[in-house]
Structure formats: C-alpha cells, structure tokens
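The values are calculated or read from the model by the stated rules, or taken from the named source; none is laboratory data. Here the structure is a predicted model, which is why all the values come from computation and not from measurement. As a convention, Cβ positions derive from the backbone with ideal geometry for all residues, glycine included, and neighbour counts pool all protein chains shown. Only protein heavy atoms, including side chains, enter the accessible area calculation; ligands, DNA and RNA are left aside. Shrake-Rupley method; radii C 1.70, N 1.55, O 1.52, S 1.80 Å.
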Amino acid sequence: MSKIFTPTNQIRLTNVAVVRLKKCGKRFEVACYKNKVLSWRNNIEKDIDEVLQTHSIFLNVSKGQHAKKEDLVKAFNTDDVDVICKEILEKGELQVSEKERSSQLDSLFRDIATNISDKCINPESKRPYPVSIIEKAMKDIHFSVKPNKNAKQQALEVIPLLKASIPLERANMRIKVSLIGNNAKKMKEKIVQHCVSVEEEDWDNGNLSLIGLIDPGSFKIINDIITAESKSTGRLEVLNLKEVIDNEEVLE
C-alpha cells in the first residue's frame with residue numbers, strides 16, 4: 001500500500017474561522033476561533049493567544065500553505081508575526097458561509113434599529129419608535145449594513161438619512177450644571193446657547209445650579225466650556241440620558 005506524502009511546510013486546520021487580507025497582490029490569512037474575532041475587534045478580548053489558533057500567516061489556511069517571509073516583508077514592512085496577525089485581524093475580512101453571513105447581517109441590522117429606537121424619538125409625539133418601525137424605515141431607504149462597523153457607529157450614520165423618511169430626532173438629554181465663582185454668569189450665558197431649554201435656574205451667593213435639556217451632541221461642547229473656564233470648580237452631571245414621554249396620559 002502506497003504512503004500518502006504530506007509536505008512538511010503545510011499545516012491542515014479544521015473547524016476554524018479565517019480572516020483574510022489582500023495586500024500587494026497577495027492574499028494573507030490567519031486561522032482564528034470565530035467567536036473570539038468579534039470579541040477582539042470590540043476590545044473585549046485582549047489576549048491574541050485566545051484569538052489565534054496558531055501564530056502563523058498563511059496564503060491559504062484550508063490548504064495549509066504558509067506565506068513566505070519575503071512576501072510578508074514586502075506587504076507589511078516587517079516579518080514580526082504578531083504585528084502582522086494584529087493588522088490582519090483589524091483590517092481583514094472574516095470568512096463565513098453565505099447562510100451565516102446573512103444571519104449575522106440580519107442580527108446587525110436589528111441591533112442598528114434598536115440603537116436608533118433607543119436614541120431617538122418622534123418629535124411630534126415625543127415618544128420612541130418601536131424597533132419594527134425603524135427597521136421598516138431603514139429598508140425603505142435601502143440601507144445596507146456594513147459588516148466591519150459596529151451597530152452604534154452605523155446607527156449614528158443612518159439617523160440623518162432616516163429623517164427624510166420619517167419624523168425623527170435625537171432624544172434630549174437632561175443635565176445639571178453647577179458653577180461657582182465670578183465666572184458663573186459668563187459661563188451660564190455660553191452654556192444656555194447650547195441648551196434646548198432651561199428647566200431650573202437657581203442662584204445662591206453668586207453660585208449657579210442649572211437644569212436643562214440638551215441635544216446629546218452638545219454635551220461635549222458644554223463640558224469643554226466648564227473644563228476650560230471654571231478652573232475645576234464647575235460640575236456637569238447627566239440626570240437623564242433620554243427625555244421622552246413614556247405614558248399615554250400626562251398629569252399636570
């Protein structure tokens with residue numbers, strides 16, 4: 001009976017996830033544990049040993065063909081395997097079956113819609129939309145999910161596009177600002193410019209306590225004003241991340 005010869009430079013791996021990156025006309029692949037790739041990209045898993053099945057760079061994982069050192073240096077300007085593996089993990093495309101890819105895209109589509117439903121309201125009713133309505137609106141504008149971006153990033157991108165389809169705006173954030181000292185009045189004037197409305201304004205011996213509603217995009221601006229001008233005496237607190245009307249009946 002004849003023996004089967006297996007080249008010593010080939011490693012055959014089974015039940016693996018492959019991440020592929022094309023550079024300089026060649027295809028480079030790493031063999032990973034599928035559930036760990038997403039954890040790595042979301043900064044949940046930080047140990048690369050838990051992500052890679054083997055610290056090797058392949059031209060073809062399924063055939064066990066290693067990449068040559070000179071090809072690695074030409075494409076990545078280094079032959080440091082860990083450095084190259086990290087770049088492939090970060091920028092490469094995770095290879096999955098068509099059925100699995102479709103399932104992942106459907107799940108990501110719903111996650112995006114859920115993010116939008118959580119962040120936004122109907123400006124007429126001041127209530128959040130059901131996720132199903134957001135999903136329908138996303139389909140109506142033919143929104144295509146980007147598998148390499150997370151749901152939060154894509155939700156922020158699609159919100160402006162949805163405004164052409166349905167009444168939609170970011171839910172206001174309720175904040176409390178506490179200012180002490182001579183600059184309180186001057187800072188208050190700057191802060192109010194970035195408020196949708198001021199609900200409470202209390203002065204006590206030149207010190208200010210202010211509660212107001214803001215667009216979430218104004219939070220950083222207000223925080224920067226307080227940081228720059230209060231000399232570490234001012235304080236900014238978030239009282240409610242999202243101000244909506246949840247009940248059908250509102251009592252005066």
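How many residues are among the hydroxyl-bearing types (Ser, Thr, Tyr) and within 21 Å of the chain's Cα centre (by Cα) if we restrict to the range 114-128? Steps first, answer last, please.
Of all residues in the range 114-128, those among the hydroxyl-bearing types (Ser, Thr, Tyr) come to 114, 117, 125.
The next check asks that each one be within 21 Å of the chain's Cα centre (by Cα); those that pass are 114, 117.
The qualifying residues number 2.
If you filter the range 160-174 down to residues that are in contact with a helix residue (DSSP H, G or I) (Cβ under 7 Å, 6 or more places away or on another chain) and outside any loop (DSSP other than H, G, I, E, B), you find that the one that is farthest from SER209 (Cα to Cα) is LEU162. Checking the stated criteria, GLU157 turns out not to satisfy the condition of being more than 17 Å from ASN240 (Cα to Cα), acidic (Asp, Glu) and in a strand (DSSP E or B). Any residue that is in a helix (DSSP H, G or I) and under 19 Å from the mean Cα position of the chain (by Cα) - is there at least one of those in the range 183-205? Within the range 183-205, none of the residues are in a helix (DSSP H, G or I) and under 19 Å from the mean Cα position of the chain (by Cα). Whenever a residue of the range 197-212 is modelled with pLDDT of 90 or more, its partners that are open to solvent by 40 Å² or more (accessible area, probe 1.4 Å) and among the acidic types (Asp, Glu), lying with C-beta atoms within less than 7 angstrom and at least six residues away or across chains, give the pairs SER209/ASP202; LEU210/GLU200; LEU210/GLU201; ILE211/GLU199; ILE211/GLU200; GLY212/GLU199.
Can you tell which of LEU179, LEU105 is among the aliphatic types (A, V, I, L, M) and surrounded by fewer than 18 Cβ atoms within 10 Å (Cβ to Cβ)? Let's see the steps before the verdict.
On the way: LEU179 fails: surrounded by fewer than 18 Cβ atoms within 10 Å (Cβ to Cβ).
None of the other options fit; the residue is LEU105.
Residues considered: VAL73, VAL96, VAL83. Of these, the only one that is touching a Phe, Trp or Tyr at 6+ places or on another chain (Cβ under 8 Å) and surrounded by fewer than 17 Cβ atoms within 10 Å (Cβ to Cβ) is VAL83.
If you go through the range 124-140 and keep only what is out of contact with any Leu (no Cβ under 8 Å at 6 or more places or on another chain) and part of a helix (DSSP H, G or I), you end up with VAL131, SER132, ILE133, GLU135, LYS136, LYS139, ASP140.
When the range 207-232 is filtered for residues that are among the polar types (S, T, N, Q) and either open to solvent by 30 Å² or more (accessible area, probe 1.4 Å) or more than 16 Å from ASN182 (Cβ to Cβ) (or both), the ones remaining, listed by number, are ASN207, SER209, SER218, ASN223, THR227, SER232.
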